[in-house]
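The values are calculated or read from the model by the stated rules, or taken from the named source; none is laboratory data. Bear in mind that the values here come from a model prediction, so they are computed numbers and not experimental data. In this analysis, Cβ positions are derived from the backbone assuming ideal geometry, glycine residues included, and neighbour counts consider all displayed protein chains. Ligands, DNA and RNA are stripped out before the accessible areas are found, and what is left, the full protein with its side chains, is counted by its heavy atoms. Shrake-Rupley method; radii C 1.70, N 1.55, O 1.52, S 1.80 Å.
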Amino acid sequence: MSMLIDQINLNQLRVFESVYRSKSMTHAARELHLTQSGVSQHIKALEDVLELKLFDRIKQKLVPTPSAKELYTSTAKSFEDIETILNRLKKTDKELTGMISIGMPIEFGNNIILPLLTEFQKKHSKVRFKIRQGFPFEMNHMLLTGELDFAFVDSFAMDKGIKTDAVYDEVLELCVSKKLGIPNKASTDFAFYEKLSYVDYQEDQSVLSLWMKHHTQTRSSDLDVKVFLMDAYGISKLVRQGVGLGVLPGHLVEKLIRSGDELQILKGSGKPLHNTISIAYLEEKTLTAATLSVLQFMKTKLGGK
């Protein structure tokens, strides 16, 4: 469908706006670095397309017609809006602005990432964050659909096209309430652990099996698990209440112990079990200057941990 605007050069509207505002073709020519005849030609071409007169010359002065007044009201506002957005886009490399969507695990996000985002925002107050908390498979989907700019994920096979950069080594600890009286000594004997009760995240006991494999060289998915709960803080609460042993991220364990919780860490083989946290993002997605700045900030801060 042919539109009237297709027949108009943007320069014609810009010249018209300047002539109307200054009521002078000479002034408009000087402002726009054009010749006076060039300004006249732009106005004449615009009048021809619109098939109406925009200015009357009365006693050697330009007098806008009612049609010109109506056109100027909309044109001036449109130019102002365009100027605003162009300036905002141009300044993004100097003054960071905009909304950034970030995905993260609940406990790692609350304990590690949110304090860092708060630190970043104090320096860049015009940057806003939209946080989504969940599991890696959820982050994977939201990255692919464009709902997230980037996400923090632990060990998970992300889809092709999603790039992951390792930024943090999280230690996974097997914890128990001290009131259960379990001996606090290093042990790699699976038979010792097999007699105990547990709480875990998923029915396949994948996290417990990972800990057992690392510390006892036995990978079992048939331990006595009393409760399955997909939340690290919830698991910690069940552990503290003596329901069973559970694997918790080290940063959460440290926080709970500092607050006075009677938690005991089982030493296993004595060699820490690490869970690598990575930043995941879609390689093909164009990221804003603010998003790139947050990514670099996070890599720098987390890289020192």
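Take the residues in the stretch 194-243 that are over 37 Å from the mean Cα position of the chain (by Cα) and assigned to a helix (DSSP H, G or I), then tell me which one is farthest from residue 111 (Cα to Cα). Per the stated criteria, the residue is 194.
For the stretch 263-273, residues that are farther than 14 Å from residue 244 by Cα, more than 34 Å from the chain's Cα centre (by Cα) and of a type outside the set (Ser, Thr, Tyr) total 4. For residue 287, the conditions (1) aliphatic (A, V, I, L, M); (2) part of a loop (DSSP other than H, G, I, E, B); (3) without any contact (Cβ under 8 Å) to a residue 12 or more places away in the chain all hold with the exception of (3).
Answer yes or no as to whether residue 148 is among the hydrophobic types (A, V, I, L, M, F, W, C) and more than 12 Å from the chain's Cα centre (by Cα). Considered against the rule, which asks whether it is among the hydrophobic types (A, V, I, L, M, F, W, C) and more than 12 Å from the chain's Cα centre (by Cα), residue 148 comes out as no. Scanning the stretch 138-170 for residues that are open to solvent by 40 Å² or more (accessible area, probe 1.4 Å) and assigned to a strand (DSSP E or B) gives 163, 164, 166, 169. A count restricted to the stretch 14-34 and to residues that are more than 45 Å from the chain's Cα centre (by Cα) and among the basic types (Lys, Arg) stands at 2.
Cβ-Cβ contacts under 9 Å between residues 6 or more apart (or on different chains), taken from a first residue in the stretch 171-200 that is under 12 Å from residue 266 (Cα atoms) to a second residue that is exposed (fewer than 11 other Cβ atoms within 10 Å of the Cβ) and of a type in the set (Gly, Ala, Ser), are listed as 186/270; 188/270. The listed residues are 112, 131, and the only one of them that is modelled with pLDDT of 95 or more and open to solvent by less than 70 Å² (accessible area, probe 1.4 Å) turns out to be 131.
A quick yes/no check of all residues on (1) under 46 Å from the mean Cα position of the chain (by Cα); (2) modelled with pLDDT under 90:
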| site | (1), (2) |
| --- | --- |
| 12 | yes, no |
| 36 | no, no |
| 40 | no, no |
| 70 | yes, no |
| 73 | yes, yes |
| 76 | yes, yes |
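For the criterion of being farther than 23 Å from residue 4 by Cβ, acidic (Asp, Glu), assigned to a helix (DSSP H, G or I) and out of contact with any Phe, Trp or Tyr (no Cβ under 6 Å at 6 or more places or on another chain), residue 95 fails.
Could you tell me whether the stretch 64-80 includes any residue that is touching a strand residue (DSSP E or B) at 6+ places or on another chain (Cβ under 9 Å) and of a type in the set (S, T, N, Q)? Scanning the stretch 64-80, I find at least one residue that is touching a strand residue (DSSP E or B) at 6+ places or on another chain (Cβ under 9 Å) and of a type in the set (S, T, N, Q), so the answer is yes. Residues in the stretch 181-196 that are among the acidic types (Asp, Glu) and surrounded by 14 or more Cβ atoms within 10 Å (Cβ to Cβ): 194 alone. The set of residues in the stretch 234-250 that are surrounded by fewer than 19 Cβ atoms within 10 Å (Cβ to Cβ) and touching a helix residue (DSSP H, G or I) at 6+ places or on another chain (Cβ under 8 Å) comprises 240, 242.
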